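The values are calculated or read from the model by the stated rules, or taken from the named source; none is laboratory data. The structure displayed is predicted, hence computed values, not measured ones. As a convention, Cβ positions derive from the backbone with ideal geometry for all residues, glycine included, and neighbour counts pool all protein chains shown. The accessibility values were calculated without ligands, DNA or RNA, using every heavy atom of the protein model including side chains. Shrake-Rupley method; radii C 1.70, N 1.55, O 1.52, S 1.80 Å.
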Amino acid sequence: MRGRSLGLPLVALALLGCSLDGFADGAGGAGGVGGSAGGAAQGGSAVTGTGGGGGAACGCACAAWDAVKVSDAGPAVLPVGTWTGAGWAVAWQDARNGNPEIYLARLDAVGTRLGAELRVTDDGADSRTPALVWTGSDHAITWEDTRGGGSDVYLALVDGSGTKTFGDALVWGGSGAPTAPAIGWSSTAGYLLTWEDFRDGGYKLHTGNVAADGAVIHTDERITNPSVGDSRASALAWSVNEYGIAWQDTRDGDQEIYFRRVDPSGYAIGLETRVTTASGGAEDAAIVWTGTGYALVWSDGRDGEPAIYFATLSEGGVLTAPAQRISEGGGAASAPSVAWTGGEHVVVWHDDRDGMQRIYLRRLDGSGKPLGEDARVGGEDGAARRPTLAWSGTALGLAWQDARGGEDAIFFASCQP
């Protein structure tokens with residue numbers, strides 16, 4: 001999953017397409033306590049009470065949870081989240097102490113924070129761009145760090161009670177100043193890290209394999225090979241016995257989305273797949289495994305202003321559904337995140353269609369067909385950006401950065417449809 005002083009009620013991080021606390025036209029606003037969503041609930045039923053703003057075709061089958069502030073200070077940005085089997089965890093980058101550091105918060109199943117935040121890093125250098133995965137017993141956090149003079153990739157482990165048990169451990173430094181790590185977990189092979197590295201005259205993607213106890217097994221396998229262009233912003237998803245990795249790449253002159261498979265140790269399998277071919281630039285790829293294939297979302301400029309696009313690939317990396325636009329409205333849409341519920345894809349992103357950045361959500365069926373319109377789901381009083389979405393098996397968990405109080409903070413909402 002690229003939050004808590006009590007905020008407005010989030011009535012629909014719903015699988016039925018409702019607006020939460022933004023009340024976009026046609027989606028209906030959230031009512032007060034005990035109130036209904038504005039407008040009729042098509043395919044569902046409206047709750048009695050004082051309604052929100054008028055709207056239509058808003059079927060809220062989702063229990064309401066409050067949007068809550070997870071971070072105590074800030075500025076706090078770039079949240080990443082995951083489900084742990086019993087609750088949620090959110091990590092983020094935080095500059096309350098003057099330099100960026102990494103923080104972690106644990107939340108229960110409905111989103112109530114458990115105990116105090118954990119400051120994961122405590123160094124005079126910059127610790128940035130965290131990535132997070134849950135192993136069944138540990139939160140594994142990786143980030144880029146400048147304490148060695150350049151940019152390096154580090155790893156720490158935090159157990160289920162919120163105690164840091166390992167780290168800060170250098171996974172890879174080298175001359176290429178590795179940045180923007182991502183992380184995955186396999187019970188058979190430990191952690192897989194990906195990052196971008198500049199040593200070869202441009203950014204290329206590399207992988208590293210780390211054991212469950214943090215010991216480095218194998219690092220620095222380059223998985224993008226063209227000598228020209230930059231390969232950046234990797235995202236990965238574990239399937240049955242391998243990973244799918246998506247990234248943005250400028251080898252073709254225009255920035256496009258690529259995909260390739262790698263084994264649990266980080267070695268490339270087969271050939272790359274070029275996912276996008278339209279001019280205009282594509283970036284911010286996110287990926288999820290559905291049980292039979294991969295779903296990809298990204299921000300795409302082919303229509304002039306950036307919009308969110310979606311495509312599906314087979315387990316072997318073959319496109320099974322062409323790229324389609326899923327964001328509506330006239331705003332610039334960026335930073336998508338995607339979750340698979342077992343029957344639907346749920347996609348969130350931020351865009352500025354109504355003059356201020358807010359979080360939007362859209363549901364898609366298994367083939368990628370949109371289910372209803374997109375709906376505003378987060379960010380009322382300030383700029384809301386960088387959403388990250390996770391699925392627990394029964395509920396969605398959404399974290400994002402939000403400047404409603406004047407300074408960016410991390411917010412969270414959980415919704416059980």
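Could you please find all residues in segment 323-369 being assigned to a strand (DSSP E or B), in contact with a Phe, Trp or Tyr (Cβ under 9 Å, 6 or more places away or on another chain) and surrounded by fewer than 20 Cβ atoms within 10 Å (Cβ to Cβ)? It would help to see each step written out before you state the result.
Going residue by residue through segment 323-369, those that are assigned to a strand (DSSP E or B) are 323-325, 333-340, 344-351, 358-365.
Retained after the next criterion (residues that are in contact with a Phe, Trp or Tyr (Cβ under 9 Å, 6 or more places away or on another chain)): 323-325, 333-340, 345-351, 359-362, 364.
GLN324, ARG325, TRP340, listed by residue number.
Is it the case that VAL110 is surrounded by fewer than 23 Cβ atoms within 10 Å (Cβ to Cβ), in contact with a Lys or Arg (Cβ under 6 Å, 6 or more places away or on another chain) and at pLDDT below 95?
no
Given the structure, is THR273 open to solvent by 40 Å² or more (accessible area, probe 1.4 Å) and either β-branched (Val, Ile, Thr) or in contact with a Pro (Cβ under 8 Å, 6 or more places away or on another chain) (or both)? Walk me through how you get there before you give the answer.
Values: open to solvent by 40 Å² or more (accessible area, probe 1.4 Å): no; either β-branched (Val, Ile, Thr) or in contact with a Pro (Cβ under 8 Å, 6 or more places away or on another chain) (or both): yes.
The answer is no for THR273.
Specify the residue that is modelled with the lowest pLDDT; the eligible residues are those in segment 78-103 that are polar (S, T, N, Q) and over 19 Å from ALA335 (Cβ atoms).
Across segment 78-103, the extreme among qualifying residues is ASN97.
Can you confirm whether LEU155 is outside any loop (DSSP other than H, G, I, E, B), open to solvent by 50 Å² or more (accessible area, probe 1.4 Å) and either at pLDDT 90 or above or under 20 Å from GLN93 (Cβ atoms) (or both)? So that I can check it myself, show each step before the final result.
Details: outside any loop (DSSP other than H, G, I, E, B): yes; open to solvent by 50 Å² or more (accessible area, probe 1.4 Å): no; either at pLDDT 90 or above or under 20 Å from GLN93 (Cβ atoms) (or both): yes.
No.
SER234: open to solvent by less than 50 Å² (accessible area, probe 1.4 Å) and polar (S, T, N, Q), yes or no?
Here the answer is yes, as SER234 does meet what is asked.
Out of GLY162, GLY150, GLY124, GLY167, I need the residue that is touching a Lys or Arg at 6+ places or on another chain (Cβ under 8 Å), at pLDDT below 95 and either part of a loop (DSSP other than H, G, I, E, B) or more than 22 Å from GLY393 (Cβ to Cβ) (or both). Which one?
GLY124
From the list TRP143, TRP172, pick out the single residue that is surrounded by 19 or more Cβ atoms within 10 Å (Cβ to Cβ), modelled with pLDDT under 95 and either touching a Pro at 6+ places or on another chain (Cβ under 7 Å) or among the hydrophobic types (A, V, I, L, M, F, W, C) (or both). Walk me through how you get there before you give the answer.
Details: TRP143 fails: modelled with pLDDT under 95.
Step by step, each of TRP143, TRP172 is checked, and only TRP172 is surrounded by 19 or more Cβ atoms within 10 Å (Cβ to Cβ), modelled with pLDDT under 95 and either touching a Pro at 6+ places or on another chain (Cβ under 7 Å) or among the hydrophobic types (A, V, I, L, M, F, W, C) (or both).
Evaluate the following for ALA375: is it at negative phi and touching a Ser or Thr at 6+ places or on another chain (Cβ under 6 Å)?
Yes; evaluated as a whole, the condition is true for this residue.
So which residues in segment 213-226 are of a type in the set (Gly, Ala, Ser) and in contact with a Ser or Thr (Cβ under 7 Å, 6 or more places away or on another chain)?
The answer is none; no residue qualifies.
Residues are listed down the side, and each one gets a yes or a no for (1) at pLDDT below 95; (2) charged (D, E, K, R):
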{"position": "SER187", "(1), (2)": "yes, no"}
{"position": "LEU192", "(1), (2)": "no, no"}
{"position": "GLU221", "(1), (2)": "yes, yes"}
{"position": "SER234", "(1), (2)": "no, no"}
{"position": "PHE259", "(1), (2)": "no, no"}
{"position": "TYR267", "(1), (2)": "no, no"}
{"position": "ARG274", "(1), (2)": "no, yes"}
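Working only within segment 158-173, note down all residues that are over 23 Å from GLU221 (Cα atoms) and either touching a His at 6+ places or on another chain (Cβ under 8 Å) or not β-branched (Val, Ile, Thr) (or both).
Initial filter on segment 158-173 (over 23 Å from GLU221 (Cα atoms)): 158-166.
VAL158, ASP159, GLY160, SER161, GLY162, LYS164, PHE166 - these are the residues of segment 158-173 that are over 23 Å from GLU221 (Cα atoms) and either touching a His at 6+ places or on another chain (Cβ under 8 Å) or not β-branched (Val, Ile, Thr) (or both).
Among the residues of segment 386-403, write down those that are open to solvent by 50 Å² or more (accessible area, probe 1.4 Å) and either part of a strand (DSSP E or B) or charged (D, E, K, R) (or both).
Across segment 386-403, the qualifying residues are ARG386, TRP391.
Is it true that THR194 is open to solvent by less than 10 Å² (accessible area, probe 1.4 Å), under 27 Å from LEU313 (Cα atoms) and assigned to a strand (DSSP E or B)?
So THR194 fits the description; yes.
So, of the residues in segment 285-307 that are open to solvent by less than 40 Å² (accessible area, probe 1.4 Å) and of a type outside the set (A, V, I, L, M), which turns out to be farthest from GLY202 (Cα to Cα)?
THR290
Can you name the number of the only condition in (1) under 21 Å from the mean Cα position of the chain (by Cα); (2) open to solvent by 20 Å² or more (accessible area, probe 1.4 Å); (3) under 17 Å from VAL347 (Cβ atoms) that PHE310 fails?
(2)
For segment 375-385, what are the residues that are of a type in the set (Gly, Ala, Ser), at pLDDT below 90 and surrounded by 24 or more Cβ atoms within 10 Å (Cβ to Cβ)?
ALA375, GLY378, GLY379
Can you confirm whether VAL240 is modelled with pLDDT of 95 or more and out of contact with any helix residue (DSSP H, G or I) (no Cβ under 8 Å at 6 or more places or on another chain)?
No; evaluated as a whole, the condition is false for this residue.
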